Amino acid sequence: MAEPLCPQSYCGVSNSSITDILQCSSCKWGYRANPLSVCEPCTSPLPLYDWMYLLFMVLISFVLHCIAIDINTNRKSSYSTVLMHTSAFLECSIAALCTLLLLSPV
């Protein structure tokens with residue numbers, strides 16, 4: 001197996017500059033260097049760690065919404081508090097789904 005040209009996993013040679021070995025640079029967004037340090041598009045599905053990170057980002061947004069709702073509402077009106085928490089959950093869920101479906105990773 002050939003030795004990689006570039007030391008880092010996101011550092012490689014683009015297809016346009018394959019003849020120029022000294023032009024090791026970061027791969028474009030959505031690309032990753034293969035074992036031969038040539039930049040190629042990321043086509044593999046997300047691993048579990050990435051899905052856990054995305055879930056954490058959604059949950060932290062929801063928790064911050066809930067904290068703001070709890071601080072700014074009157075404790076006597078439980079129906080409106082539950083309604084606002086439900087609204088915050090729907091807002092965070094729909095925003096996460098729209099982000100995943102509408103924005104490409106490239």
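The values are calculated or read from the model by the stated rules, or taken from the named source; none is laboratory data. Since the structure is predicted, the reported quantities are computational estimates derived from the model, not experimental observations. Every residue, glycine as well, gets a Cβ built from its backbone with ideal geometry; the counts of neighbours run over all protein chains shown. Accessible surface is based on the protein model in full, side chains and every heavy atom, while ligands, DNA and RNA are left aside. Shrake-Rupley method; radii C 1.70, N 1.55, O 1.52, S 1.80 Å.
Observations on the model:
- Cβ-Cβ under 9 Å pairs, at least 6 apart or on other chains, region 86-106 side without any contact (Cβ under 8 Å) to a residue 60 or more places away in the chain, far side open to solvent by 70 Å² or more (accessible area, probe 1.4 Å) and not aromatic (Phe, Trp, Tyr): 92/59; 96/55; 96/57
- Counted residues, region 84-106 - those being of a type in the set (Gly, Ala, Ser) and outside any helix (DSSP H, G or I): 1
- Any chance residue 71 is part of a helix (DSSP H, G or I) and either surrounded by 10 or more Cβ atoms within 10 Å (Cβ to Cβ) or modelled with pLDDT of 85 or more (or both): yes
- Residue pairs meeting the criteria (Cβ under 6 Å; at least 6 apart or on separate chains; first under 25 Å from residue 14 (Cα atoms), in region 41-53; second assigned to a strand (DSSP E or B)): 41/31; 42/32
- Screening region 74-98 for residues that are of a type in the set (A, V, I, L, M) and open to solvent by less than 80 Å² (accessible area, probe 1.4 Å) and picking the one that is nearest to residue 51 (Cα to Cα) gives 96.
- Test: residue in region 21-29 that is charged (D, E, K, R), modelled with pLDDT under 85 and surrounded by 10 or more Cβ atoms within 10 Å (Cβ to Cβ): yes
- Considering residues of region 48-64 that are open to solvent by less than 60 Å² (accessible area, probe 1.4 Å) and not hydrophobic (A, V, I, L, M, F, W, C) only, the residue nearest to residue 86 (Cα to Cα): 61
- Selection count, region 57-83, where residues are of a type in the set (Val, Ile, Thr) and more than 23 Å from the chain's Cα centre (by Cα): 6
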